[in-house]
1. Show me 827-834, 72-79 ranked by packing, highest mean number of other Cβ atoms within 10 Å first.
2. Please order 657, 559 by the number of other Cβ within 10 Å, starting at the fewest.
3. Provide the gained length on full extension for the span residue 947 to residue 745, in nm with one decimal, where the gain is 0.36 nm per separating residue minus the Cα-Cα distance.
4. Lys and Arg at +1, Asp and Glu at -1: add these up for the other residues within a Cβ distance under 13 Å of residue 941 and post the number.
5. Once you put a point 7 Å from the Cα of residue 837 and another 7 Å from the Cα of residue 485, both along the Cβ direction, what distance in nm separates them?
6. How big is segment 19-273 by the Kirkwood estimate over distinct Cα pairs, in Å?
7. Could you please report the charge total around residue 190, scoring K, R as +1 and D, E as -1 over all other residues with beta-carbon less than 11 angstrom from its beta-carbon?
8. Along the charge dipole of segment 773-989, Cβ charges K/R +1 and D/E -1, which of 788, 814, 904 sits furthest on the positive end?
Amino acid sequence: MYFYISQLVLKRFTCIKSTNQLLLSSKRSISRIKNMTGQTEARAPLKKFQNIIKSPEDKRSYRGLELSNHMKVLLVSDPTTDKSAAALNVNVGFLSDPDYLPGLAHFCEHMLFLGTEKYPNENEYIKFLSEHSGSSNASTYTDHTVYYFDVAPDKLTEALDRFAQFFIAPLFTESATERELIAVNSEHEKNLPNDMWRMSQLEKHTCNPNHPYHKFGTGNKETLDVIPKKKGINVRSELLKFHEQWYSSNIMALAVLGKESLDDLEAIVLELFSNIQNKDIEAPRWSDHPFSDEQLRTCTYMVPIKDIRNLSINFPTEDLNEYYKSSPEGYISHLIGHEGPGSLLSALKTKGWSNSLVAGSRPGGRGLGFFGITVDLTEEGLQHTNDIIKLVFQYINMLKDVGPLEWIQEEQKDIAAMIFRFKDKESPRTYISGLVHHLQDYPIEDVLCIHYHLTEWRPDIINNILNSFTPDKVRIGVIAKKFQKEATDAEPWYGTQYKLEKIPQEVLNDWTNAGTSNEFRLPDKNDFIPTNFNIEPLDKDITEHPAIVQDTALTRVWFKQDDKFLLPKANLLFDFVSPLAYLDPMNCNMTHMLVQLFKDALNEYAYAAEIAGLKWELSNTKYGLILEVGGYSDKQHILLRKIMEKLTSFKIDPKRFEIFKENYIRQLKNFAAEQPYQHAVYYLAVLLTEHSWTKEELLASTDQLTIERLEAFIPQMLSKLHIECLLHGNLSKKRGLELVDIVETSLTSSFCMSPLLPRQLLLNRELKLDDGCSYLYEVQNNVHKLSCIELYFQCGLQNTENNVLLELFAQIIQVPCFNVLRTQEQLGYIVFSGVRRSNGVQGLRVIVQSDRHPEYLDTRIELFLESMLKHVMEMSNEEFERHKEALALQRLEKPKRLSVQSQIFWQEITSQQYHFDRANVEVAHLRKLTKDDIINYYQYLLDKAAKQRKKISVHVVSMADGGAGTSNSPKKEEKGSVEVIEDVTVFKSSHGMFPLVQPYICMERKGKKCKL
């Protein structure tokens, strides 16, 4: 796999605003500015850029600006948008931290959310966004920091006013500084057992210690509190100094998307952001590389937390941004990362040494970069790391010998142009936050197309890069548990065990003289590149929602021709329902193995389709298999036919079976090292779902997992199925049924098919808790220092009224929950409240991951929920209506991509609820709710005194060093009225089940056509 072409995608949208509405919108925007500033005149921009290259299908309007304070701005006007968004990028990151305060840039990012001079309330910004269907986030990188939000379109100006103050006059109060330190430390502790974070920091630790890349960017309590206090350093003063030094308008870039006209957006931005001070500083740039000669020709052996095995091969590169019009690194990534016949990965898989490969360039900071090749290692591959690296150099030598070929670049150019032309639309927040950094590095005219317009051919740069990939400039990393004994060094911030040594000269000589191999060849020309982009004429009987167009004992087909996105794409989804798939742990394991081995076997053929924008996925579920084929509709039939041919005649490679079985066993064991909150979510599902095999049960049955059993299982499973399909997109009904026929014919001609009975198609149900109950299930975790709690209050079956009452209550408490438990009490970095839905049953959940014991967290959450009754009672009608409208806007937000709309339809189909107009129906009911309805709902189901209250709490208790379980905690007999679940099977056997939610529309049950 290669990472090269950005996945920033747009979809066509139809304008729904009239000219009068736009004029009214403009007047309101100017009026809002008058109300906030008392004036309408703003400083004129220094420059305007109107000729921004955009996709032919993109109906938005764009304008670039350079403000009087030299801030770069991209304005995006979209009259049809149902969300507005903005993002601001500051061209400074953690490489600019003072040496004596690691993590300061990251800490500054946290602190900007907690009050400004104009809006001193710590909760103001997040509360405002929440009440207006918005959200926000921020991230700190090596050389830049990005802040972004989205909000209801008519609240963009007010949101921007609050946002701009981050960069004008933040408070950095003493109290907030002290408290937020705990959050930064908690974030670091969350990452401590994460192997990706550990690998990243180990790379920094083993680079040139005098280079800023060596720094510890996250920061923790030690670096931002303990050490500074010992040295007499005031961290709040340092925050103010850092903001004062680096937060300068001339190294900032802003992107704003709104429904307003470009002139209106310009007026808003000029008024609100021209006041950011220009300190006329230069964004830092690093011309020297952190991998100097001393750090090259080295191999680092790392011990992971999870049982994973990887080999990474890295080369230092220059900053390649200036070559974006020719993308030489993209050309090289495409070839080294190719997965088709004759590829590097193909050779590695044939030898049984690896299953996956990723190649590509990555930035390290302005002025420097890296090119990396990473492969996973089989058990045998771990014994052949030097041989794998030799193969890599042989492949690179082949590329050098062949030289850059323009036809390959032209093919990539055509694919990129096709993707740009038919870009899917993204959510405004994702789109804007992805674009804003481009303003810093590229001409404003090119910011939309930098990854898509390959207008130059630079074979000289390709040759230069390839020629730099030599053994004397390589850094190797090998990650495996086997290095536990010999890896005696420890990285200081994460404690990662490692060993660093120079690569022996004889090994370097062997790689230098590797030559080439006849195993390798360049990819064939890609026959999957679409040539027909015509939009199918709309059927005369087109429906608003999916409709059944075929219903037999074997197959039910839902069809929806696209009449909104109007792109040459379609999504085909097939649910192969089999009662054998999840019959017992062994069958579950065999279904998983079938999927993994099949995807592996088809990968070489299908990789060309993936490059050409034609995706496919096969996954196993509790109910069988789901096959998805999506992307450009032109050649979907070719790929679908090949998939079905391969599936119905699938033969298992014994060597691949053993490799994937070992992978699967490691995967099951590695679950122990997942985040505590993931464990809490998992165990709650185990407790409440009618049928669920645990990781332990699945692992125990792998002893009996053999190739002979799997070979016997596959035809059994595929010969007794029901298929439910959704065809959605650029398809006529006739063509859609022809695609279904490919699937049906493949199965019926290969197996003696036997349809399922309707009762074999029933879904799992959810366990029904008793009124007034309070259950506790406790598990231990030995990997993470943090513990976790998930509190769940079961609220009954899904229906229109119950859905909106629960969602509105969750909306009302979301910000207070975060503010109280996270910002004020600093219980942990991860604090979440929201709705849990499973098997047609729903409830309120609160999750907190913390260094405190779950018993303590339980009491704090309960106290918080008690306070919410008063909070709702005292809430003004205006604020209550704002919450209703925020939820309504969120629910009515239109999907931006065909694939998202397909998944919404598919969720209704696979859940057998078929409520395709759910959003409109439920929002109509939502808008009728009163404050008394929410109060009554709370008092009936959630109040501590409520007879109908149903509570279950999952406690994941850390037994790791320093974990909450290692200190004194309440014993089970002291837990009062809480009933402790000692045995999951006994617990589940003592409860009934909720009935299944009945279909929203009147229709026959699946399989009813069966006459057996």
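What follows is calculated from the coordinates using simple rules that are stated; it is not laboratory data. Keep in mind that what you see is a predicted model, and the values were worked out from it rather than measured. For neighbour counting, all protein chains shown are included, and Cβ atoms are generated from backbone atoms with ideal geometry for every residue, glycine included.
1. 72-79, 827-834
2. 657, 559
3. So the chain would gain 67.1 nm between residue 947 and residue 745.
4. Net local charge, residue 941 excluded: +1.
5. Result: 5.5 nm between the two label points.
6. One over the average 1/r among Cα pairs gives 19.7 Å for segment 19-273.
7. In short, -2.
8. 904
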